[in-house]
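The values are calculated or read from the model by the stated rules, or taken from the named source; none is laboratory data. It should be emphasised that the depicted structure is a prediction, and the values quoted were computed from it without experimental measurement. Neighbour counts are summed over all protein chains in view; Cβ atoms, including those assigned to glycine, are modelled from backbone coordinates with ideal geometry.
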Amino acid sequence: MELFASMAQIRMIHVPYKGGTPAFIDLIAGRVAIMAPNLASIMPHVRAGKLRALGVTSARRVAAAPDIPTIAEAALPGYESVQWYGLLAPAKTPRGIIEKLHKEVVSTLRALDTAARLASDGAEVVASSPEEFAAFLKAETVKMAKVVKAAGIQPE
């Protein structure tokens with residue numbers, strides 16, 4: 001949300017919830033105006049008319065909700081902030097082990113049942129190479145370091 005606020009040049013008040021569930025309850029009840037939950041958790045409430053999805057934070061629309069525009073389309077060109085998962089190993093892990101792990105994980109992620117289940121939740125399987133993932137991590141670290149510095153965020 002800090003990335004959104006900085007790109008939109010607006011000020012938002014951070015409400016420090018102790019988890020996503022209390023924040024989500026307050027969003028549905030109208031006690032908070034906006035949050036960025038995962039797509040799977042909001043879709044039943046969007047379909048029921050209890051919530052309005054303003055946009056997805058990915059660079060492309062999501063197959064599970066093609067009618068919801070991206071934030072970049074709706075309001076902030078260039079905006080992208082996605083939740084991601086990855087596997088990390090100690091730096092000195094032999095290349096052969098990394099390659100085997102990568103091959104097996106990609107195979108599992110691309111299996112039809114796994115891919116379909118993830119897509120139904122609005123997730124997109126990327127399955128990048130270890131080198132591509134390292135470059136992604138570096139770029140995300142640089143991007144978010146700028147956001148943290150501009151917002152004056154301090155460790156708690």
Report the residue count in the range 1-53 for those that are among the hydrophobic types (A, V, I, L, M, F, W, C) and assigned to a helix (DSSP H, G or I). 16
Within the range 103-156, count every residue that is of a type in the set (K, R), more than 22 Å from A89 (Cβ to Cβ) and modelled with pLDDT of 90 or more. 3
Kindly indicate whether any position in the range 132-149 is among the small types (G, A, S) and in contact (Cβ under 8 Å) with a residue 40 or more places away in the chain. no
Residues in the range 65-76: is at least one surrounded by 11 or more Cβ atoms within 10 Å (Cβ to Cβ), modelled with pLDDT under 90 and more than 21 Å from Q9 (Cα to Cα)? yes
Checked against (1) at pLDDT below 95; (2) exposed (fewer than 14 other Cβ atoms within 10 Å of the Cβ), H45 satisfies every condition except (2)
Taking interchain pairs and intrachain pairs at least six residues apart, which have beta carbon atoms under 7 angstrom, with the first residue in the range 74-87 and polar (S, T, N, Q) and the second not in a helix (DSSP H, G or I)? S81/T57; Q83/N38
Only one of (1) under 19 Å from A123 (Cα atoms); (2) of a type outside the set (K, R); (3) out of contact with any helix residue (DSSP H, G or I) (no Cβ under 8 Å at 6 or more places or on another chain); (4) loosely packed, with under 15 Cβ neighbours inside 10 Å is not met by I25, so which one is it? (1)
When you look at I28, is it in the same structural domain as F136 (by TED's automatic domain parsing) and of a type outside the set (K, R), yes or no? no
What tally of residues in the range 92-102 results from selecting those that are in a helix (DSSP H, G or I), over 11 Å from P130 (Cβ atoms) and among the charged types (D, E, K, R)? 1
Scanning the range 103-133 residue by residue, those hydrophobic (A, V, I, L, M, F, W, C), assigned to a helix (DSSP H, G or I) and either surrounded by 13 or more Cβ atoms within 10 Å (Cβ to Cβ) or more than 22 Å from the chain's Cα centre (by Cα) (or both) turn out to be V105, V106, L109, L112, A115, L118, A119, F133
